[in-house]
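Asks: Let me give you the structure first, and then I'll get to my questions.
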Amino acid sequence: MNKPIGNGLDPIIAQAIAEIKQEQGESFDLSKINLAELQRRTGISRAKLRRLKENGFVFKPHGLMGHTAAATVLSGYTGMLDSLLRQGVQNSAVCFRRLQEAGYRGSQTSVKRYIRSHKDLVPAKRQLVAPQGSRGLRYSTGPGQVYQMDWGFTKVHDYIGGTYRAACFAMICHHCGERYVEFFPNAKQENLFIGMLHAFEYMGVPQTVLTDNMRSVVNGRDLEGHPLWNKEYEAFMAAVGFQTKLCKPRHPFTKGKVERLVRFVKDNFLAGRTFWNVTDLNQAALGWCNEQNGVYHKAIDCVPQQVHFTSCREHLGTLPANTAIQSYLAPVRKISFDGFVNYEGRRFGVPYHYAQSMARVMRSKDTLYIYSLDLKRLLATHEVTWSYKDRFCQDQYVDQPEEFPTAPVQTSIRQLEPPKVNISFDKFDFDKEVDWDD
C-alpha cells in the first residue's frame, strides 16, 4: 500500500483488506473484493469504495486541488481588508466586525485565512528591546472592593485635514473585569469627575479606586510618602463616598487590568473607527462595553456582567442624589461680556435676564443645558451640532430699559416736511427772478 495522505482512510482500508485476506486465504482477489463487506468494516460509503477500487485503493489528490474560485464570499470586501491591514489592524475579530457592518455574510475563518496570506500589507513593527521577564506578583481582590481607572489618548483626523487629540477614560472592576469607557475632548479634572460619575452609574460605587499619580488626583507626597490630595478631588471623594489608593510611581503593573483595557480599546474598538462627533463615538463605546461585558473572557474565566451583577453588586454603593453630585456633572463656566459660555471649545448663548457672571453647563448626548450657579433654574438649552459657530439663545439680547411718562403729556410740537431742494445750491439758480429795484 502507498503511504497514507493524512486523512486516515488508507490505514483503515488496509487493515480491513488484510483481515478479509486472512479470512479468505488463497482465494482472495483484490479485484473481486466484496465492497459491501468492506463498507461494513470501514464505514466508508460504497460509492467511494468503488472509486477507490478503480485506482487500486490508492488515494489520489482531487483534480481541482490548489485552484481557487474566481469569486468568493470575500469578493468585494478585499479592498476594505487591505485598507485595515495597511493601517496595522490584523485582529481578525475587528476586521470581521467591520466587514459585517458593511454587509459581509461570510465566516470569520475566511477573514483569518485572508489575513494570514496577506501579512505583507501590515507595516513593520519597531524593534523592541529584549524582554527581561516579569517579576510582578498578581493579586486579587474581593467583589466590589477595587476599581482601576486611567486615561488613554488617541489622535483624531478631522474632515478638514486637521489633527487633534482625544482622551479616553477607562475604568474596570478588578474582581470581575466589568468595564466602562468614555471619550472626552481633553483629560481635565472636570472631565475626570464626569467620567467617574458615569462609570459609577453604570457599575456602582466601589470601596476603593486604584489610580496612578495624576495631577487631577494628587499634588505630591509628604516626607513620609503620604499623598497630598488635590483639594477638589478630596472633596469629590467625600461627596461620593469612596477611597483612593495610589500606585507605585513608574510601575504600571500595579494597575495592569486598566492598562490592558486601554490597549484593548486601541487595538479593538478604535482600530479603523470612524465617527461623526463625540456623542456618536460614546454611544458606540457604550455598545462595545455592553458587548464585551456580556461575553466569556478566558483570562478571568467568567462572563463579567454575570459575576458583577451577582457577586459585586452586593458590596457596591449607589450615587447619592444631591446637589453636590449634580454640580460635578455641570461644571462652572464664566459668562463673557457678549453673553456666551465656552464648553468643549464652542460658545453657547445665555439669556440676558440672568444677572450673575457664572453659570453651570452640562451636556447630555446632543443637548447642552445651561443652569444657574445654584442648579435651581434651567436657563437655556442648545442642540449640539459640533460646529464652531456661536449658538445664540432666545432673549440673549433684549431691548435696553426704557422710561415712560408717569403723567399725561400736555405739550405738542409740529414737524415740517423736509425741503425738496438743496438750500446750499440755491444761489446758483440763475433762472430765478431778481428785483433790481432793491
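Asks: Which one of Ala71, Ala130, Ala166, Ala93 is outside the structural domain of Gly241 (by TED's automatic domain parsing) and modelled with pLDDT of 90 or more? Quick ask: steps written out before the conclusion?
Replies: Working: Ala71 fails: modelled with pLDDT of 90 or more; Ala130 fails: modelled with pLDDT of 90 or more; Ala166 fails: outside the structural domain of Gly241 (by TED's automatic domain parsing).
Within the list Ala71, Ala130, Ala166, Ala93, the selection yields Ala93.
Quick grid of which residues meet (1) over 30 Å from Phe264 (Cα atoms); (2) surrounded by 12 or more Cβ atoms within 10 Å (Cβ to Cβ); (3) hydroxyl-bearing (Ser, Thr, Tyr); (4) touching a residue at least 24 places away in the same chain (Cβ under 8 Å):
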site: Lys48; (1), (2), (3), (4): yes, yes, no, no
site: Lys60; (1), (2), (3), (4): yes, no, no, no
site: Gly88; (1), (2), (3), (4): no, yes, no, yes
site: Ala102; (1), (2), (3), (4): no, no, no, yes
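Asks: Now for a different question. Determine the pairs where a residue that is under 20 Å from Tyr354 (Cα atoms), located within the range 376-393, has a partner that is in a loop (DSSP other than H, G, I, E, B) and aliphatic (A, V, I, L, M) with Cβ atoms under 9 Å apart, the partner being 6 or more residues away or on another chain.
Replies: From the range 376-393, the pairs are Leu379/Val350; Ala380/Val350; Arg391/Val384; Cys393/Val350.
Asks: Which of the residues belonging to the range 316-347 are of a type outside the set (A, V, I, L, M), assigned to a loop (DSSP other than H, G, I, E, B), in contact with a Phe, Trp or Tyr (Cβ under 9 Å, 6 or more places away or on another chain) and farther than 19 Å from Arg391 by Cβ?
Replies: Once the filter is applied, which keeps residues that are of a type outside the set (A, V, I, L, M), assigned to a loop (DSSP other than H, G, I, E, B), in contact with a Phe, Trp or Tyr (Cβ under 9 Å, 6 or more places away or on another chain) and farther than 19 Å from Arg391 by Cβ, the range 316-347 yields only Thr318.
Asks: If you go through the range 165-180 one residue at a time, how many are touching a Gly at 6+ places or on another chain (Cβ under 9 Å) and either small (Gly, Ala, Ser) or part of a strand (DSSP E or B) (or both)?
Replies: 7
Asks: Further question: Restricting to the range 269-315, and then to whatever is of a type in the set (Asp, Glu) and in a helix (DSSP H, G or I), can you tell me which residue is nearest to Gly144 (Cα to Cα)?
Replies: That would be Glu314.
Asks: Within the range 274-329, can you find the residues that are assigned by TED's automatic domain parsing to the domain that holds Thr154, over 20 Å from His175 (Cα atoms) and modelled with pLDDT under 90?
Replies: Matches in the range 274-329: Thr274, Phe275, Trp276, Asn277, Val278, Thr279, Asp280.
Asks: Kindly provide the set of residues from the range 268-283 that are in contact with a helix residue (DSSP H, G or I) (Cβ under 8 Å, 6 or more places away or on another chain) and either free of Cβ contacts under 8 Å to residues at least 24 places away in the same chain or of a type in the set (Gly, Ala, Ser) (or both), ordered by number.
Replies: Pass one, the range 268-283, residues in contact with a helix residue (DSSP H, G or I) (Cβ under 8 Å, 6 or more places away or on another chain): 268-269, 271-273, 275.
Within the range 268-283, Ala271, Gly272, Arg273, Phe275 qualify.
Asks: Could you tell me how many of the residues in the range 348-376 are among the hydrophobic types (A, V, I, L, M, F, W, C) and in a loop (DSSP other than H, G, I, E, B)?
Replies: 4
The values are calculated or read from the model by the stated rules, or taken from the named source; none is laboratory data. Just so it is clear, the model here is predicted, and its values are computed rather than measured. Here Cβ is always computed from backbone atoms with ideal geometry, including for glycine, and neighbour counts include all displayed protein chains.
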